[in-house]
């Protein structure tokens with residue numbers, strides 16, 4: 001039975017005599033647009049500058065050609081692969097009554113030849129065949145990505161920016177420690193508040209101060225580190241301010257509910273809400289698959305083996321859930337999920353615990369998804385006071 005949010009096939013019947021089908025192979029320098037125009041035997045191909053207005057004029061011109069050929073175009077369907085340009089073009093086209101779709105690039109089957117030919121023209125032909133099969137309602141030709149609103153995309157930026165800044169902070173600290181280690185100076189902590197004062201008083205094991213050029217480099221690193229720390233603090237303060245306000249929309253309400261779970265921090269809760277829970281995922285399998293926490297079986301004939309995690313979903317969610325699963329074992333020791341894990345990892349072998357923590361992360365993600373969508377509290381989970 002088709003699901004209302006099933007993006008693996010089109011749920012609208014295709015009338016090819018009244019539908020203009022176009023696909024776009026996008027790059028930074030140009031767009032290559034191919035189309036199937038009703039009443040036109042040839043399949044036109046046009047190279048454009050990355051300009052949405054020019055694309056719209058091209059689609060209108062092809063519609064006029066179909067009208068001259070005796071066909072009335074009542075539907076224009078456009079598709080392109082997800083990539084650097086994001087979803088702005090799809091939203092822009094939909095605002096102009098054009099049906100726009102974004103294809104998951106990894107869902108399109110390609111030739112398995114060792115050195116297959118690859119050009120923009122061949123890619124357009126491949127996408128056209130896949131998109132045409134999807135429009136016909138046939139499965140496994142390609143899969144479409146859900147197109148988020150501009151507000152949902154913007155809501156993800158603070159969490160993602162903080163992750164980038166934390167990585168930059170770690171890189172600066174490691175670079176400073178490496179510079180000092182070359183001089184024989186160890187155990188210096190650049191992230192302390194008094195690090196700048198302590199840096200000026202450091203001496204090498206030879207009893208001399210830090211050389212002038214090296215000191216200037218370290219001071220510049222300290223200035224960059226201070227700036228990054230201030231930006232991280234600003235993001236965290238803005239997040240706490242938003243959390244203290246009454247819930248104005250569904251994501252905010254989900255965030256408040258999720259933050260009540262003991263062991264789930266504000267950063268993790270915000271990441272899960274804006275990366276996973278605001279999406280209209282149809283069931284628990286879709287939730288686990290989006291996070292890439294499903295297996296990748298390799299079965300052929302008598303061979304039966306597991307290649308590990310599929311890793312086809314959101315890597316940010318997958319990393320966060322694996323970290324949260326270990327914290328969950330510490331803060332929710334009486335929960336049914338923790339007891340389920342302890343029973344299966346009772347042999348204390350590292351391999352068993354490593355395998356089962358992935359299974360726990362998958363179960364925990366589904367349980368939290370049910371908590372914020374249906375209000376079902378996982379058995380034994382302790383919540384903070386509202």
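Here, each number is a calculation from the coordinates, and none is a lab measurement. Note that the structure is predicted; figures quoted are calculated from it, not measured. Positions of Cβ are backbone-derived with ideal geometry, glycine not excepted, and every protein chain shown enters the neighbour counts.
Stretched out straight at 0.36 nm per residue, the stretch from residue 224 to residue 186 would grow longer than its current Cα-Cα span by 11.6 nm. Considering only 130, 312, 200, give the residue with the highest GNM mean-square fluctuation for the chain, with springs between Cα atoms whenever their separation is below 10 Å. Evaluated over the chain, the most mobile residue of the options is 200. Using only Cα atoms, find the angle between the long axis of helix 120-135 and the longest principal axis of the chain, and express it within 0 to 90 degrees, rounded to the nearest 10. Helix 120-135 sits roughly 80 degrees off the main axis of the chain. Cα gyration tensor of the range 250-374, axes a ≥ b ≥ c as square roots of the eigenvalues: rounded (a/c below 1.5), prolate (a/b > b/c) or oblate? Oblate. Hey, what angle do you get for helix 52-68 against the long axis of the chain, alpha-carbon based, 0 to 90 degrees rounded to 10? The angle comes out near 20 degrees.
Using 0.36 nm per residue and subtracting the Cα-Cα separation, the extra length available between residue 41 and residue 125 on full extension is 28.7 nm. Taking every C-alpha pair closer than 8 Å and separated by at least 6 residues, the mean separation divided by the residue count of the range 1-142 gives a relative contact order of 30 percent. Residue order for 128, 170, fewest other beta carbons within 10 angstrom first, comes to 170, 128. Centre-to-centre separation between the Cα atoms of the range 309-386 and those of the range 82-151: 34 Å.
Footprinting exposure proxy ranking of 31, 326, fewest other C-beta atoms within 10 angstrom first, gives 326, 31.
Spin-label pair residue 171-residue 217: with each label point 7 Å from Cα along the Cα-Cβ axis, the two points sit 1.6 nm from one another. Based on Cα contacts under 8 Å between residues 6+ apart, the chain shows a relative contact order of 12 percent. Residue order for 127, 309, 272, fewest other beta carbons within 10 angstrom first, comes to 309, 127, 272.
Between helix 250-259 and the chain there is an angle of about 30 degrees, using the helix long axis and the longest principal axis of the Cα atoms.
Connecting C-alpha atoms closer than 10 Å in a GNM of the chain, tell me which of 323, 28, 342 has the biggest fluctuation. It is 28. Mind checking which of 248, 79, 52 has the largest fluctuation in a GNM of the chain, springs on alpha carbons under 10 Å? Greatest mean-square fluctuation among the candidates belongs to 248. Each residue, residue 28 and residue 74, gets one label point 7 Å from its Cα in the Cβ direction; the gap between the two is 4.4 nm. Over the chain, all Cα pairs binned in 10 Å intervals from 0 give whole-percent P(r) values of 4, 17, 21, 21, 19, 12, 4, 1, 0, 0, listed from short to long.
Taking 10 °C and 1.306 mPa s as conditions, the range 19-147 diffuses translationally at an estimated 105 µm²/s according to Stokes-Einstein applied to its Kirkwood radius (Cα pairs). Relative to the globular-protein estimate of 2.2 N^0.38 Å, the Cα radius of gyration of the range 253-320 stands at 1.39. Under the criterion of Cα pairs below 8 Å and six or more residues apart, the relative contact order for the range 154-244 equals 35 percent.
With the simple model of a label 7 Å out from the Cα in the direction of the Cβ, residue 52 to residue 339 spans 5.5 nm.
Rounded to the nearest 5, the antiparallel percentage of DSSP beta bridges internal to the chain is 65%. Beta bridges per DSSP, both residues in the range 1-137: antiparallel share near 50 percent.
Multiplying the residue separation of residue 201 and residue 296 by 0.36 nm and subtracting their alpha-carbon distance yields 28.7 nm. Going by a ≥ b ≥ c, the root eigenvalues of the Cα gyration tensor, does the range 317-363 fall in the rounded group (a/c under 1.5), the prolate group (a/b larger than b/c) or the oblate group? Verdict is oblate for the range 317-363.
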